[in-house]
Amino acid sequence: MKYALYLGCTVQTEQYGYEASVRTTMPRLGVELVDMTGVSCCGFPPFSSVSELAWLYSSARNMAIAEGMGLPIFALCNGCHLSFVETKHKLEHSPELKAKMNEKLAREGLRYEGKAELIHIFELLHDVVGKDKITAAVSNPLEGLRFAAHPGCHAIRPSRIGRPDDPENPKKLDDLITWLGAEAADYPEKIDCCGSSLAAASGKTVLDIAGEKLKAVKRRGFDGLVTTCPFCFKVYDNKQRAIQATVGDRELEVPVFYYTQLLGLAIGVDQESLGLDLNQSPIDPVLEKIGGK
Amino acid sequence: MKPVLVIGGGIAGIQASLDLADRGTKVHLVERTPSIGGVMAQLDKTFPTMDCSICILAPKMIECYRHPNITIHTQSEVIGLEGNVGDFRIKVLEHPRSVDATKCTGCALCSEKCPVKKPSAFQVGLGQRKAIYLAFPQAVPLIATIDREACLWFTKGVCRTCEKVCTSKAVDYEQKENIVDLNVSSVIVATGFEQYDPKDIGEYGYGRYKNVLTALEFERLVCASGPTGGVLNRPSDGKVSHNIAFIQCVGSRTQTSGYSYCSASCCMYATKEAVLIKEHEPSSHVTIFYMDLKTFGKGFQGFVDRARSHWGVEYIRGRPGEIREDPVTKNLTILYENTEVGRVERLDADLVVLCTAAIPHRDNAKLATVLGIGQDEYGFFANPDPVASPVETDRPGIYSCGSCHGPRDIPESVAEASATAAKAAEDAARAEGVA
């Protein structure tokens with residue numbers, strides 16, 4: 001199990017906890033991560049409203065680099081993964097666009113064939129590593145804790161171009177949580193958007209939307225919220241104080257984790273290596289319950 | 001005069017058979033299931049008159065059974081057709097009932113004692129039947145049949161309880177399938193439709209949320225001969241539902257999951273079911289989510305107006321985007337845009353009914369091949385000239401009526417059935433050199 005690790009801009013510039021926890025946990029499950037050199041931004045699909053070509057080019061360029069490495073791309077961020085999947089889909093269906101991309105890529109000596117395999121963290125952990133390996137690796141089961149899984153919109157939509165989980169009833173993150181010994185329960189707000197896509201247009205709307213979800217998670221008695229998307233994490237964790245102010249509830253406290261942080265805690269990685277210091281939501285009560293090293 | 005073959009024993013096939021038989025033409029009526037009646041037999045009431053469905057249908061079914069000019073072949077299918085209009089040679093495969101039709105009295109003692117339970121197709125899976133059973137109380141013919149895939153004697157070689165309890169010695173495990181050769185002048189196809197499976201529309205949670213039903217399931221729930229005797233006990237907890245919402249165009253008028261056409265009867269049957277809820281309990285709150293209300297039939301608009309003004313049924317224009325279930329109470333919340341006011345809103349409901357599309361039957365392709373007739377882009381039987389010859393298929397002497405060639409309501413199916421009977425009678429007469 002060897003993958004080209006594509007971190008993406010958000011993870012590299014501010015979501016270090018995700019990168020740290022991925023780098024420390026994956027090798028323990030037999031996943032070898034190879035850093036990519038010369039990669040750029042994934043292209044960021046909203047860019048397409050300015051220039052579709054610029055988006056496709058950035059995206060295809062990164063995939064061309066992975067093709068050169070002969071490895072599947074493991075993109076940490078839901079948004080980056082979607083960008084690659086969408087680009088691959090578009091270029092598959094338009095030989096003209098593909099030819100145009102290759103014309104531009106040739107200037108750097110790169111070539112995009114469309115062979116690069118793309119893997120999402122849900123697919124990697126749930127379908128490739130699998131239940132047996134994960135449960136066998138757990139030395140410190142997260143018993144007595146109940147988490148709300150938040151897969152994030154871009155992990156499940158658009159539903160018709162190959163996303164890693166069911167768009168209406170995503171279950172993989174729930175499975176992954178239960179494999180660590182914790183409980184994951186279905187809740188009606190599970191597929192609610194974090195709001196972050198609206199950040200550029202209306203910051204307050206983002207906080208309102210995110211507040212509704214955090215209130216539901218708290219009301220339903222979860223010990224915390226778990227995600228693998230850096231954008232969602234950024235809203236629910238990093239902006240939690242701002243959310244409290246917006247919804248006018250200082251008591252609205254919900255511990256937020258990257259799944260890989262919980263995975264690390266369960267398989268016995270020390271807390272410092274998981275970037276838990278960088279979580280800004282009140283995670284200490286959960287850490288106390290977990291105990292461990 | 002040569003007989004006419006009618007394929008399908010629902011309301012359309014029954015009407016066509018009766019019209020032909022009454023004018024002196026012999027009819028062979030071939031029905032796939034153990035009883036004639038079709039979907040109409042499963043309905044509680046009919047729109048826009050709110051007549052009891054089985055009360056209209058049962059006399060016609062019995063008339064079919066007793067009519068000297070009609071021969072009914074149940075549990076049968078047409079497997080071969082050769083020749084041309086005026087002289088079709090047909091092969092009908094009769095599956096064994098494992099019960100002697102000449103001896104069975106329909107007393108149902110056998111099913112009372114049968115130890116095997118299976119979901120009842122008549123109750124759309126909401127109720128159960130036995131391995132030896134009568135399809136429904138008013139089944140025609142009223143003769144028991146053994147489901148060989150469920151029966152302990154056929155699967156495990158044990159039991160034979162039905163044989164022991166049958167006072168008329170009608171049970172016959174040795175019955176074989178039988179091929180009947182017919183020579184007919186023309187053929188009427190009236191094989192009906194099936195329901196779209198809303199599981200494909202994940203956002204409505206059908207199959208995942210117990211209190212989300214299809215309209216046909218609801219029809220059984222609200223019916224006095226249904227599994228709850230007509231009490232609206234919802235599936236999750238048996239609680240009587242007073243707050244019910246209907247969603248229109250589930251699997252129809254869509255470019256994504258389902259079919260692009262209008263399913264024709266849903267606006268009206270939803271209104272009918274809404275009025276039924278109000279008749280049962282006037283304080284109930286009933287909402288119908290619609291895209292457009294299609295009330296083009298005779299008396300239809302007046303029926304909807306009355307549902308709104310007299311019964312207080314609420315109509316909201318908007319196609320819901322999602323249904324959510326409370327994990328504890330199993331109550332449902334519908335998320336939608338009310339497009340009349342341009343606002344995103346939510347509505348809570350005890351029970352949600354999905355008005356699913358009528359879709360081509362899965363066996364249409366098989367039958368089309370046997371009969372040598374065409375299908376349209378969706379899989380319904382095709383009518384090459386739908387304006388001037390709406391019941392003629394692309395093969396002379398073969399006609400179609402009812403929901404087998406597109407979604408139809410009952411009045412339209414009946415009218416088309418009579419039209420095919422007239423066409424078929426012409427062929428029969430011409431074959432004799434009478435016309």
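What is the range A:140-290 by shape, rounded, prolate or oblate, if you read a ≥ b ≥ c off the alpha carbon gyration tensor as root eigenvalues and call it rounded for a/c under 1.5, prolate for a/b larger than b/c, and oblate otherwise?
Working: a/c = 1.63, a/b = 1.15, b/c = 1.42.
Oblate, because a/c is 1.5 or more while a/b does not exceed b/c.
For the peptides B:182-188, A:200-206, the ranking by mean Cβ contacts within 10 Å, running from highest to lowest, is B:182-188, A:200-206. A Cβ-based charge dipole, computed about the Cα centre of the protein assembly as shown with Lys and Arg at +1 and Asp and Glu at -1, lands at about 780 debye. Once each of the trypsin sites (Lys or Arg not before Pro) sitting in a DSSP loop with at most 10 other beta-carbon atoms within 10 Å is removed, chain B keeps B:1-168 as its longest stretch. Along the range B:139-153 the Karplus relation, 6.51 cos²θ - 1.76 cosθ + 1.60 evaluated at θ = phi - 60°, assigns HN-Hα couplings of 4, 10, x, 7, 10, 5, 9, 9, 7, 5, 6, 9, 4, 5, 5 Hz to successive residues, with x for each Gly and Pro.
Give the distance, in whole Å, between the Cα centre of the range A:1-70 and the Cα centre of the range B:191-227. Centre-to-centre (Cα) distance: 45 Å. Inter-chain neighbour count for A:187-197: the average number of beta-carbon atoms from partner chains within 10 Å of each residue's beta-carbon is 2.
In debye, nearest 20: dipole of the range A:105-191 around its Cα centre with unit charges on the Cβ of K, R (+) and D, E (-)?
Details: 12 positive and 15 negative charges, 73 e Å.
In total the dipole reaches around 360 debye.
Summing Lys and Arg as +1 and Asp and Glu as -1 over all other residues whose Cβ lies under 12 Å from the Cβ of residue A:59 gives a net charge of +1. For residue B:156, the lysines whose Cα comes closer than 27 Å to its Cα, not counting residues fewer than 8 places off in the same chain, are B:103, B:113, B:117, B:118, B:130, B:164, B:169, B:176.
Grab the other residues whose beta carbon is less than 12 angstrom from that of residue B:31, score K and R as +1, D and E as -1, and report the net.
Details: positive: B:32; negative: B:77, B:94.
Cβ neighbours under 12 Å give a net charge of -1.
When you filter the chymotrypsin sites (Phe, Trp or Tyr not before Pro) in the range A:16-99 for DSSP loop state and at most 14 other Cβ atoms inside 10 Å of their Cβ, nothing is left. The residue list B:336, B:256, B:226 was ranked by how far each Cα lies along the charge dipole of the range B:197-357 toward its positive end, using unit charges on Cβ atoms, and B:226 comes out on top.
Tell me which of B:76, B:14, B:359 sits at the most positive position along the dipole axis of chain B, charges placed on C-beta atoms (Lys, Arg +1; Asp, Glu -1). Going by the Cα projections, it comes out as B:76. Rounded to whole numbers, the Karplus 3J(HN,Hα) couplings from phi for the range A:154-167 are 5, 7, 10, 9, x, 6, 9, 10, x, 9, x, 8, 4, x Hz, using 6.51 cos²θ - 1.76 cosθ + 1.60 with θ = phi - 60°, and x at Gly and Pro. Against chain A, whose longest principal axis is taken from its Cα atoms, helix A:95-105 shows a tilt of about 90°.
Enter the angle in degrees (range 0 to 90, nearest 10) between the Cα long axis of helix A:52-69 and the first principal axis of the Cα atoms of chain A, meaning the one along which they spread out most. For helix A:52-69, the angle is close to 90 degrees. Computed from phi, the 3J(HN,Hα) profile of the range A:173-188 under the Karplus parametrisation 6.51, -1.76, 1.60 (θ = phi - 60°) reads 5, 4, 4, 4, 5, 5, 5, 8, x, 8, 9, 10, 10, 5, 9, x Hz, with x in place of Gly and Pro. Of the residues A:36, A:83, A:9, the one whose Cα sits farthest towards the positive end of the charge dipole of the range A:2-119 is A:36 (charges of +1 on Lys and Arg Cβ, -1 on Asp and Glu Cβ, taken about the Cα centre).
Around the amide H of residue A:34, modelled in the peptide plane, lie the amide H atoms of A:3, A:4, A:5, all under 5 Å away and 5 or more residues distant in sequence or on another chain. Taking the Cα centre of chain A as reference, the dipole from Cβ charges on Lys and Arg (+1) and Asp and Glu (-1) amounts to some 480 debye.
By DSSP, the beta bridges lying fully in the range B:197-357 are antiparallel in about 40 percent of cases.
Could you work out the local net charge near residue A:247, counting Lys and Arg as +1, Asp and Glu as -1, over the other residues with Cβ closer than 15 Å to its Cβ? Don't skip to the answer; put the middle values down first.
Working: positive: A:204, A:213, A:215, A:218, A:219, A:239, A:241, A:250; negative: A:189, A:192, A:208, A:212, A:249, A:251, A:253.
With Lys, Arg at +1 and Asp, Glu at -1, the net is +1.
Compared with the dominant Cα axis of chain A, that is its longest principal axis, helix A:16-25 is turned about 90°. Going from the fewest other Cβ atoms within 10 Å to the most, the residues A:259, B:65 appear in the order B:65, A:259. Over 30 Å between Cα atoms: which of A:239/B:210; A:190/B:199; A:104/A:172; A:172/B:199 fall into that group? Over 30 Å Cα-Cα: A:239/B:210; A:104/A:172. Distance between the C-alpha centres of the range A:263-285 and the range B:233-259: 44 Å, rounded to the whole angstrom.
Values quoted throughout were computed directly from the atomic coordinates according to the rules given, and no laboratory measurement underlies them. Everything quoted here is computed from the prediction, not taken from an experiment. Here the Cβ is made from the backbone with ideal geometry for all residues, glycine too, and neighbour counts use every protein chain on show.
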